[in-house]
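K.L.:
Let me begin by handing over the structure; questions about it come next.
The values are calculated or read from the model by the stated rules, or taken from the named source; none is laboratory data. The structure displayed is predicted, hence computed values, not measured ones. Cβ placement follows ideal geometry from the backbone for every residue including glycine, while neighbour counts extend to all protein chains displayed. The area values use the complete protein model at the heavy-atom level, side chains included, leaving out ligands, DNA and RNA. Shrake-Rupley method; radii C 1.70, N 1.55, O 1.52, S 1.80 Å.
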Amino acid sequence: VPGKAVEYLSRFADTVAISFETTTRYLPNVRTVRTGLPVRADISAGTRFPFIPANAFVVFVIGGSQGAHAVNDLASSALVLLKGMLDERAAKGGTVRPLYVIHQTGVADEGRILGAYAGASLPSRVHAFEHEMANAFASADFVIARAGASTCFELAACGKPALLIPLPSAMRDHQHFNAEAFAAKGAADEGIQSKLAPRQLALYLLNLYDKPERLAAMAEKMKALATPDAAGRVSEIVEGK
């Protein structure tokens, strides 16, 4: 959804470069070109953290650089419940893969989330700010995150399936529309914050844990949304090519 500045300035533009196909509906009288959103090139060049077991199911929670309290609480509670479900399965003789969590919490929630995982004996890498984002993405089987445009296109660049939980207070509800666009392509699912409960999310994650083929299909569709040459596309428009 265009912000007010883009909406206003588009009146004077010959061309507007857009990231999402659906943006055209909000700019009906302007020539638009879908370039995708430029993201830093190294985001998709990471390698899996060597300390994570090779067969682990890795969930990466991105609370945002400033944190996202509701996402932090929901995801951590759900992952602790998931750990309990897997422990129960193992106690009954079932075969389980280890669960591992990478969680970027923001400063306010770091200690509390660390304690929650430690109390559940859930192996994790928890930081207020994750300084090795490329490696974190490379290590992840699944991502839980807000639905800002940059996050969406970083996920696409890395080909990582995700549950996108839009920020309810986002201007013009734009994160919902971002998430909706990716969900429509089968690359992600959208979760509505007010309707999600920890047990519901835990069961959702357990379903993905048990269905790697679904994760693989989502990953393939997510990768198809990537635009690694987005910056070049924008420069070509500027140069009139």
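K.L.:
List the number of the failed condition for Ser169; all other conditions in (1) open to solvent by 40 Å² or more (accessible area, probe 1.4 Å); (2) among the polar types (S, T, N, Q); (3) farther than 22 Å from Leu203 by Cα; (4) in contact (Cβ under 8 Å) with a residue 40 or more places away in the chain hold.
P.N.:
Against the list (1) open to solvent by 40 Å² or more (accessible area, probe 1.4 Å); (2) among the polar types (S, T, N, Q); (3) farther than 22 Å from Leu203 by Cα; (4) in contact (Cβ under 8 Å) with a residue 40 or more places away in the chain, Ser169 comes up short only on (4).
K.L.:
Keeping to the range 1-35, report how many residues are open to solvent by less than 50 Å² (accessible area, probe 1.4 Å), in contact with a strand residue (DSSP E or B) (Cβ under 9 Å, 6 or more places away or on another chain) and part of a loop (DSSP other than H, G, I, E, B).
P.N.:
Here the count works out to 7.
K.L.:
What tally of residues in the range 60-93 results from selecting those that are in a loop (DSSP other than H, G, I, E, B) and free of Cβ contacts under 8 Å to residues at least 12 places away in the same chain?
P.N.:
Residues meeting the conditions: 2.
K.L.:
Follow-up question, since we're still on this one. Do we have Ala41 as over 30 Å from Ala116 (Cα atoms), at pLDDT 95 or above, surrounded by fewer than 17 Cβ atoms within 10 Å (Cβ to Cβ) and under 23 Å from the mean Cα position of the chain (by Cα) here?
P.N.:
No.
K.L.:
Among (1) in contact with a helix residue (DSSP H, G or I) (Cβ under 9 Å, 6 or more places away or on another chain); (2) modelled with pLDDT under 95, there is one condition Leu205 misses while meeting the rest; what is its number?
P.N.:
So the condition that Leu205 fails would be (2).
K.L.:
On to the next question. Give the residue, chosen from Asp109, Asp87, that is farther than 19 Å from Ile43 by Cβ, at pLDDT below 95 and of a type in the set (Asp, Glu).
P.N.:
The unique qualifying residue is Asp109.
K.L.:
Within the range 94-108, restricting attention to residues that are in contact (Cβ under 8 Å) with a residue 12 or more places away in the chain and out of contact with any Pro (no Cβ under 9 Å at 6 or more places or on another chain), which residue is farthest from Lys195 (Cα to Cα)?
P.N.:
Val107
K.L.:
For the condition within 21 Å of Arg40 (Cα to Cα), β-branched (Val, Ile, Thr) and within 10 Å of the chain's Cα centre (by Cα), what is the one hit in Ile165, Ile144?
P.N.:
Step by step, each of Ile165, Ile144 is checked, and only Ile144 is within 21 Å of Arg40 (Cα to Cα), β-branched (Val, Ile, Thr) and within 10 Å of the chain's Cα centre (by Cα).
K.L.:
Can you tell me how many residues in the range 183-220 are open to solvent by 70 Å² or more (accessible area, probe 1.4 Å) and in contact with a Pro (Cβ under 8 Å, 6 or more places away or on another chain)?
P.N.:
Adding up the residues that qualify gives 2.
K.L.:
Identify all residues within the range 136-164 that are of a type in the set (Val, Ile, Thr), open to solvent by less than 20 Å² (accessible area, probe 1.4 Å) and within 13 Å of Met222 (Cα to Cα); write none if there are none.
P.N.:
The answer is Val143, and nothing else.
K.L.:
Filter the range 94-135 down to residues that are farther than 26 Å from Gly159 by Cβ, open to solvent by less than 70 Å² (accessible area, probe 1.4 Å) and either among the hydroxyl-bearing types (Ser, Thr, Tyr) or not in a helix (DSSP H, G or I) (or both), then give me how many there are.
P.N.:
5
K.L.:
For Phe12, only one of the following conditions fails: (1) touching a helix residue (DSSP H, G or I) at 6+ places or on another chain (Cβ under 7 Å); (2) of a type in the set (Phe, Trp, Tyr); (3) without any contact (Cβ under 8 Å) to a residue 24 or more places away in the chain. What is its number?
P.N.:
(1)
K.L.:
A further question follows. Going by the structure shown, is Lys160 touching a strand residue (DSSP E or B) at 6+ places or on another chain (Cβ under 9 Å), charged (D, E, K, R) and at negative phi?
P.N.:
Yes.
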